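The values are calculated or read from the model by the stated rules, or taken from the named source; none is laboratory data. Keep in mind that this is a model prediction, so the values were computed, not measured. Here the Cβ positions follow ideal geometry from the backbone for every residue, glycine too, while neighbour counts run over all protein chains shown.
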Amino acid sequence: MESEVRELLADQIRDAYSAEKQALRCMQKVLKKASSPVLRDGIQLHIEQTQTQIERVEQVLEKLEVRPGRKVCEAMRGLVEEAQHEIDDQEAKGPILDLVIVAGMQRIEHYEIAAYGTDIALAKALGEQEIVQLLSETLEEEKMTDLKLTEVTEQSIMPEALGSEGEVAEPSASKKTGSRAKAA
Ligand code: FE
Ligand code: FE
Ligand code: FE
């Protein structure tokens with residue numbers, strides 16, 4: 001029944017509302033721990049995007065004529081907790097801590113990408129074009145953030161972590177594999 005799919009979408013949007021707010025607090029904390037200036041700029045940008053994303057979720061809730069309620073996104077709570085623990089386990093600031101930050105952030109972005117994909121499909125099925133539009137803008141930002149995290153890792157954090165100042169490690173001459181080491 002359409003009303004049930006509509007209620008399902010409302011619940012998923014309440015989940016997104018909680019998830020975004022948790023992600024925002026996490027990034028605000030993590031920002032102070034990052035060393036790479038490019039990573040810090042990226043986190044700062046995504047903090048600002050996330051503030052807009054929260055407003056978009058509020059607009060969607062208004063369009064659906066439902067209240068945010070008290071739903072807590074438990075998956076985001078777990079992702080944030082895990083990231084926080086892994087960050088706290090690092091004693092010093094630097095490229096290794098930056099890698100830990102990226103790992104935690106990418107898990108968070110992937111959760112958001114999955115969730116918004118579902119939400120957009122539900123809104124599409126219900127013919128809610130404006131909601132599809134709002135959520136698609138957010139989805140695009142989550143995907144870009146994920147890509148940028150990979151880029152900053154490959155271009156600056158990983159070379160620094162490996163101690164080779166901006167150069168990607170070449171496979172050793174003795175191993176004639178013919179293929180270059182691929183960054184994950
Ligand atoms: Fe988000
Ligand atoms: Fe959730
Ligand atoms: Fe995000």
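If you take the residues in segment 108-126 that are near ligand 3 (Cβ under 10 Å from one of its atoms) and crowded, with 20+ Cβ neighbours inside 10 Å, which one is nearest to V80 (Cα to Cα)?
Kept after step one, since they are near ligand 3 (Cβ under 10 Å from one of its atoms), are these residues of segment 108-126: 108-113, 116.
Checking the rest, the ones that are also crowded, with 20+ Cβ neighbours inside 10 Å come to 108-109, 112, 116.
On the way: I108: 8, E109: 11, E112: 13, Y116: 18 Å.
Ranking the candidates gives I108 first.
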- Given (1) surrounded by 15 or more Cβ atoms within 10 Å (Cβ to Cβ); (2) over 17 Å from E7 (Cα atoms); (3) within 16 Å of ligand 3 (Cβ to nearest atom), index of the condition C73 fails: (2)
- Message: Would you confirm, using the coordinates I've provided, whether A103 is among the small types (G, A, S), surrounded by fewer than 18 Cβ atoms within 10 Å (Cβ to Cβ) and within 15 Å of ligand 3 (Cβ to nearest atom)?
- Response: yes
- Task: Could you give me the residue pairs with C-beta distances under 7 Å whose first residue belongs to segment 50-62 and is under 12 Å from L24 (Cβ atoms) and assigned to a helix (DSSP H, G or I), whose second residue is more than 9 Å from ligand 1 (Cβ to nearest atom) and not hydroxyl-bearing (S, T, Y) wherever it lies, and which are 6+ apart or on separate chains?
- Result: T50/M27; I54/K21; V57/I13
- Message: Of the conditions (1) within 16 Å of ligand 2 (Cβ to nearest atom); (2) under 20 Å from A103 (Cβ atoms); (3) without any contact (Cβ under 8 Å) to a residue 12 or more places away in the chain, D41 satisfies every one except a single condition; which number is it?
- Response: (1)
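Quick one: in segment 1-31, which of the residues that are over 14 Å from E109 (Cα atoms) and of a type in the set (G, A, S) is modelled with the lowest pLDDT? Talk me through it step by step, then tell me what you get.
Restricting attention to segment 1-31, the residues satisfying the condition of being over 14 Å from E109 (Cα atoms) are 1-15, 17-18, 25, 28-31.
If we keep only those that are of a type in the set (G, A, S) as well, we get 3, 10, 18.
Details: S3: 94, A10: 98, S18: 98.
This residue is S3.
Regarding segment 106-115, can at least one residue be identified that is within 16 Å of ligand 2 (Cβ to nearest atom), touching a Gly at 6+ places or on another chain (Cβ under 8 Å) and under 20 Å from L126 (Cα atoms)? Give the derivation first.
At the first step, the residues of segment 106-115 found to be within 16 Å of ligand 2 (Cβ to nearest atom) are 107-115.
Still in the list and also touching a Gly at 6+ places or on another chain (Cβ under 8 Å): none.
No: zero hits.
State whether one or more residues within segment 63-71 are assigned to a helix (DSSP H, G or I) and under 16 Å from the mean Cα position of the chain (by Cα). Talk me through it step by step, then tell me what you get.
Here is the first cut: in segment 63-71, the residues assigned to a helix (DSSP H, G or I) are 63-64.
Subsequent filtering for residues that are under 16 Å from the mean Cα position of the chain (by Cα) retains none.
Scanning segment 63-71, I find no residue that is assigned to a helix (DSSP H, G or I) and under 16 Å from the mean Cα position of the chain (by Cα), so the answer is no.
Kindly evaluate I87 against the criterion of being surrounded by 14 or more Cβ atoms within 10 Å (Cβ to Cβ), in contact (Cβ under 8 Å) with a residue 12 or more places away in the chain, over 23 Å from E142 (Cα atoms) and among the aliphatic types (A, V, I, L, M). Full working, then the answer.
On the way: surrounded by 14 or more Cβ atoms within 10 Å (Cβ to Cβ): yes; in contact (Cβ under 8 Å) with a residue 12 or more places away in the chain: yes; over 23 Å from E142 (Cα atoms): no; among the aliphatic types (A, V, I, L, M): yes.
Spelling it out, it is not the case that I87 is surrounded by 14 or more Cβ atoms within 10 Å (Cβ to Cβ), in contact (Cβ under 8 Å) with a residue 12 or more places away in the chain, over 23 Å from E142 (Cα atoms) and among the aliphatic types (A, V, I, L, M).
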